[in-house]
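Presented below is the structure to which this report refers.
The values are calculated or read from the model by the stated rules, or taken from the named source; none is laboratory data. Not measured: the values here are computed from a predicted model. Using ideal geometry, Cβ is built from the backbone for each residue, glycine included, and neighbour counts are taken over all protein chains shown. Quick note on the areas: whole protein, heavy atoms, side chains included, nothing else; ligands and nucleic acids left out. Shrake-Rupley method; radii C 1.70, N 1.55, O 1.52, S 1.80 Å.
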Amino acid sequence: LNIMKTKITLLALTLFLGFNVVNAQQNQECMTKLSIFSEYAKAKNYNAAYEPWMFVRTTCPKLHLAIYSQGEDILEYKIENSTGAEKMNYLNDLVKLWGEREVNYASKTKKGEYAAKACQLLYDNREILNKTTEELYECFDAAFKADRENFKNPKSLYTYFSLMVDLFDAGKKTDAELFNKYDDVVEKVQEEIGNYSEDLNKLVAKEEAGQTLTSREGKMKKYYESYLNAYDQISSSIDKKIR
């Protein structure tokens with residue numbers, strides 16, 4: 001009996017040590033391939049980056065945020081340089097990647113932002129993906145309801161409302177649903193205009209006080225101005241769409 005226990009203990013120890021060795025080797029390979037694909041991606045050699053990136057993505061999905069940030073660049077390149085079924089696969093894989101990012105880096109993935117990006121990608125490629133107006137609207141609606149705070153991209157807000165109008169025109173949404181959604185989207189646009197205006201005004205006040213903006217502040221100033229211009233444009237487009 002004692003011999004049997006000893007054999008079982010040794011077997012368990014061997015399996016444990018073997019697992020740790022394999023795990024250590026796998027982690028080392030992940031680190032090596034992470035470095036390889038990251039350097040290729042920085043050099044915009046996305047075809048060379050693809051294979052080592054896919055290895056790390058599937059083997060060590062929590063290793064580094066670069067799997068998702070640079071992976072997005074890799075797949076966008078693949079989408080732009082493919083057609084037909086191949087392009088469709090890359091489009092679906094990018095949506096899948098954003099879902100994986102939320103699972104593995106939830107604290108660094110704003111649900112409303114990435115869900116809206118996924119819906120917009122599906123909308124922009126709706127013909128090749130055979131997406132219906134109903135499917136696309138439900139996608140945007142779910143994203144908006146799940147995380148309204150971070151659903152703030154001007155283009156996506158307009159697309160969201162535009163799809164509602166299309167469904168209304170097709171007799172699939174009621175007057176009440178249309179005007180309720182109009183109120184929702186316009187309220188959100190006005191909130192964002194207020195937020196960005198407040199941030200921009202702080203930087204403008206600093207300049208007017210004779211202080212020089214830092215490099216980052218200068219970039220943020222242009223960013224705020226760009227978004228405010230975009231919100232101004234979609235505000236007009238939303239009003240035109242409902243007339």
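The table below gives the values:
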| quantity | calculated |
| --- | --- |
| Lone qualifier among 152, 145 - being under 25 Å from the mean Cα position of the chain (by Cα) and either loosely packed, with under 14 Cβ neighbours inside 10 Å or assigned to a helix (DSSP H, G or I) (or both) | 145 |
| Condition met for residue 105 (aromatic (Phe, Trp, Tyr) and crowded, with 17+ Cβ neighbours inside 10 Å) | no |
| Residue tally, condition among the acidic types (Asp, Glu), open to solvent by 70 Å² or more (accessible area, probe 1.4 Å) and over 16 Å from residue 154 (Cα atoms), over segment 186-203 | 1 |
| Selection within segment 122-138 - among the aliphatic types (A, V, I, L, M) and open to solvent by 30 Å² or more (accessible area, probe 1.4 Å) | 128 |
| So residue 206, is it over 24 Å from residue 116 (Cα atoms), touching a Leu at 6+ places or on another chain (Cβ under 9 Å) and surrounded by fewer than 17 Cβ atoms within 10 Å (Cβ to Cβ) | yes |
| Residue match in segment 61-77 (condition: open to solvent by less than 70 Å² (accessible area, probe 1.4 Å), over 18 Å from the mean Cα position of the chain (by Cα) and of a type outside the set (D, E, K, R)) | yes |
| Filtered residue count, segment 204-238, keeping only those that are more than 30 Å from residue 166 (Cα to Cα) and part of a helix (DSSP H, G or I) | 16 |
| Subset of segment 164-203 [part of a helix (DSSP H, G or I), free of Cβ contacts under 8 Å to residues at least 40 places away in the same chain and charged (D, E, K, R)] | 166, 169, 175, 177, 181, 183, 187, 191, 198, 199, 202 |
| Among residues of segment 217-241, those that are more than 23 Å from the chain's Cα centre (by Cα) and either surrounded by 16 or more Cβ atoms within 10 Å (Cβ to Cβ) or among the charged types (D, E, K, R) (or both), counted | 8 |
| The lone exception for residue 241 - which of (1) at pLDDT 95 or above; (2) part of a helix (DSSP H, G or I) it fails | (1) |
| Filtered residue count, segment 155-167, keeping only those that are under 15 Å from the mean Cα position of the chain (by Cα) and surrounded by fewer than 20 Cβ atoms within 10 Å (Cβ to Cβ) | 1 |
| Of the criteria (1) farther than 16 Å from residue 126 by Cα; (2) open to solvent by less than 20 Å² (accessible area, probe 1.4 Å); (3) out of contact with any Asp or Glu (no Cβ under 7 Å at 6 or more places or on another chain); (4) among the hydrophobic types (A, V, I, L, M, F, W, C), which one residue 91 fails | (1) |
| From 199, 183, 147, 232, residue being acidic (Asp, Glu) and touching an Asp or Glu at 6+ places or on another chain (Cβ under 9 Å) | 147 |
| When residues of segment 121-135 are limited to those that are part of a helix (DSSP H, G or I) and not charged (D, E, K, R), the one farthest from residue 93 (Cα to Cα) | 133 |
| Residue within segment 145-157 that is closer than 24 Å to residue 90 by Cβ, of a type in the set (S, T, N, Q) and modelled with pLDDT of 95 or more present | yes |
